[in-house]
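Heads up, the thing below is written out as structure tokens.
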Amino acid sequence: MVLEHIGMPQPGDCRVVFSASAEELEAAIQAEQAAENPPQAEEDLLTAAVNRAILTGFSTLYQELVEKEHLVPVTDPDFELLAVNRAEGFRAGAEFYCLPPLELERYTGFTQPIQPRPIRQVSIELEVNTRHGDEDRAADAAGKAALRQQVARELYAQRCAQAKALARRELIFQLGGCVKGTLPKDLVSGNYFAEQRNFNLRLQANNVNFDQYLKVRGQTVEQFRTELHAQAEQKLRGSLGLLMVAEREHLWPNDAEVEAALAHWKGERTFPANDFRKVRQGIASQRAAEFVEAHSTLLPPPEEPVLETIA
């Protein structure tokens with residue numbers, strides 16, 4: 001494969017055009033025809049062969065491009081077939097987003113409280129009935145009270161663990177607020193739509209109507225969208241900020257560490273260089289998150305369970 005053109009219409013938005021020879025295309029066609037249940041129609045065969053050729057041949061081109069141009073890709077490439085002819089080969093385009101020029105104002109000294117959700121009495125009773133029914137029925141008044149205190153402590157421990165995980169994410173959210181600079185508009189939009197999908201899934205899982213949600217929050221649809229868009233962008237900045245922290249603090253894994261992790265990786269596979277990139281960045285981001293937490297303060301939760309009171 002040959003790289004024909006590279007362009008960046010805005011910082012971080014990388015677009016390339018590349019081509020493959022007739023010999024490369026024919027080799028992919030032969031591989032498709034030798035596979036189980038090969039496409040029968042010529043158009044389907046060519047499409048499958050182009051996809052196979054890209055996934056097997058683009059990796060080297062991609063790696064050379066990234067190293068030569070000093071790019072830090074942060075998304076998978078999206079491919080577009082531009083032209084194909086069995087006698088001449090094919091031309092295709094790829095677009096992916098890279099880390100744009102950004103300024104990291106700071107990445108230490110954040111403070112985030114661990115705030116477990118209050119425990120409702122009904123939650124305690126449900127837990128007692130579900131897991132301690134026989135014990136509760138056999139207990140006297142003092143025993144029943146002691147059992148409920150025990151259950152409350154157990155529930156509180158679970159809520160504290162959940163709240164600590166949330167507080168850790170909030171530290172990265174704070175980090176995102178310290179990442180300054182312009183992001184590619186389409187990259188921000190893609191993250192917004194992903195956040196919107198996740199939000200809709202959470203509503204469905206909790207059987208909550210969107211109109212009911214807005215009513216409880218006292219928001220209009222436009223206010224909700226504005227807030228969600230801002231949150232999505234700051235989360236994106238936080239994830240990019242972790243890569244910047246990894247660079248400053250030399251937290252990148254070596255090739256052997258990445259290969260070891262890649263052998264057990266359960267993520268979606270694309271092509272070797274991109275899979276290597278994702279695993280490498282995942283390890284670096286995790287190390288950066290640990291660094292940020294180690295140099296920030298998580299305020300501990302109250303020692304005793306917080307019981308929800310209903311007026």
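The values are calculated or read from the model by the stated rules, or taken from the named source; none is laboratory data. Owing to the predicted nature of the structure, the values given are computational and were not obtained by experimental measurement. All Cβ positions, glycine included, derive from the backbone under ideal geometry; neighbour counts span all protein chains shown. The protein model used for the area step is the full one, side chains on, heavy atoms only, and it has no ligands, DNA or RNA in it. Shrake-Rupley method; radii C 1.70, N 1.55, O 1.52, S 1.80 Å.
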Looks like region 200-265, by Cα gyration tensor root eigenvalues a ≥ b ≥ c and the a/c under 1.5 rounded cutoff (else prolate when a/b is bigger than b/c, oblate otherwise), is oblate
Go ahead and estimate [θ] at 222 nm for the chain from helices alone: -39,500 (n - 2.57) per DSSP H run with n ≥ 4, summed, over the residue count, rounded to 500.
-20000 deg cm²/dmol
Among THR56, ALA157, ALA31, whose Cα sits farthest toward the positive end of the charge dipole of the chain (+1 at Cβ of Lys/Arg, -1 at Cβ of Asp/Glu, about the Cα centre)?
ALA157
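How much accessible area per residue does region 60-117 have, counting only protein heavy atoms and a probe of 1.4 Å, in square angstrom?
Values: 3320 Å² over 58 residues.
Averaged over the residues of region 60-117, the accessible area is 57 Å².
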What is the helix-to-structure angle for 121-131, meaning the angle in degrees between its Cα long axis and the longest Cα principal axis of the chain, kept from 0 to 90 and rounded to the nearest 10?
80 degrees
Solvent-accessible area of MET8 with every protein chain in place, 1.4 Å probe, in Å² to the nearest 10:
90 Å²
Amide H contacts of VAL74 (H built 1.01 Å from N, under 5 Å, at least 5 apart or other chain)
TYR97, CYS98, LEU99
May I ask which residue of LEU307, VAL279, VAL66 lies farthest towards the positive end of the charge dipole of the chain, with charges of +1 (Lys, Arg) and -1 (Asp, Glu) on Cβ and the Cα centre as origin?
LEU307
Answer in debye to the nearest 20: the dipole magnitude of the chain about its Cα centre, from +1 Lys/Arg and -1 Asp/Glu charges placed on Cβ, is 1440 debye
May I ask you to evaluate 6.51 cos²θ - 1.76 cosθ + 1.60, the Karplus curve with θ = phi - 60°, for each residue of region 42-48 and list the ³J(HN,Hα) values in order in whole Hz, giving x for glycine and proline?
4, 5, 5, 5, 5, 4, 5
Round to a whole number: what % of the accessible area of the chain belongs to carbon and sulfur, probe 1.4 Å?
50 percent
Helix 221-248 sits at what angle to the longest principal axis of the chain, using alpha carbons and giving 0 to 90 degrees rounded to 10?
70 degrees
Could you give each residue of region 153-166 its phi-based ³J(HN,Hα) in whole Hz, using Karplus coefficients 6.51, -1.76, 1.60 with θ = phi - 60°, and x for Gly or Pro?
5, 5, 4, 5, 4, 5, 5, 5, 5, 5, 5, 5, 4, 5
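With every protein chain kept in the model, how would you rank LYS235, LYS266 by accessible area, 1.4 Å probe, largest at the top? Present the calculation step by step, with values, prior to reporting the outcome.
On the way: LYS235 100, LYS266 190 Å².
Sorted descending by solvent-accessible area, the residues read LYS266, LYS235.
Given a 1.4 Å probe, how much area per residue of region 206-311 is accessible, in Å²?
On the way: 6710 Å² over 106 residues.
Result: 63 Å² of accessible area for each residue.
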Quick check: from the Cα gyration tensor, does region 39-130 come out rounded (a/c under 1.5), prolate or oblate?
oblate
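Just to confirm a number: summing +1 for Lys and Arg and -1 for Asp and Glu over residues other than HIS295 whose beta-carbon lies under 11 angstrom from that of HIS295, what do you get? Walk me through the numbers on the way to the answer.
On the way: positive: ARG106; negative: GLU249, GLU290, GLU293.
Charge balance in the 11 Å sphere: -2.
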Starting at the first residue of region 85-99, write each ³J(HN,Hα) from the Karplus equation 6.51 cos²θ - 1.76 cosθ + 1.60 with θ = phi - 60°, in whole Hz, x for Gly and Pro.
8, 4, 7, 10, x, 8, 10, 8, x, 9, 10, 8, 9, 10, 5
Greater than 25 Å separation of Cα atoms is the criterion. Which listed pairs, LYS164/LYS215; LYS235/LYS266; LYS180/LYS278; LYS68/LYS278; LYS185/LYS235, meet it?
LYS164/LYS215
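State, as an integer percentage, the relative contact order of region 246-287 based on alpha-carbon contacts under 8 Å between residues 6 or more apart.
Values: 24 pairs, mean separation 24.4, N = 42.
Relative contact order of region 246-287: 58 percent.
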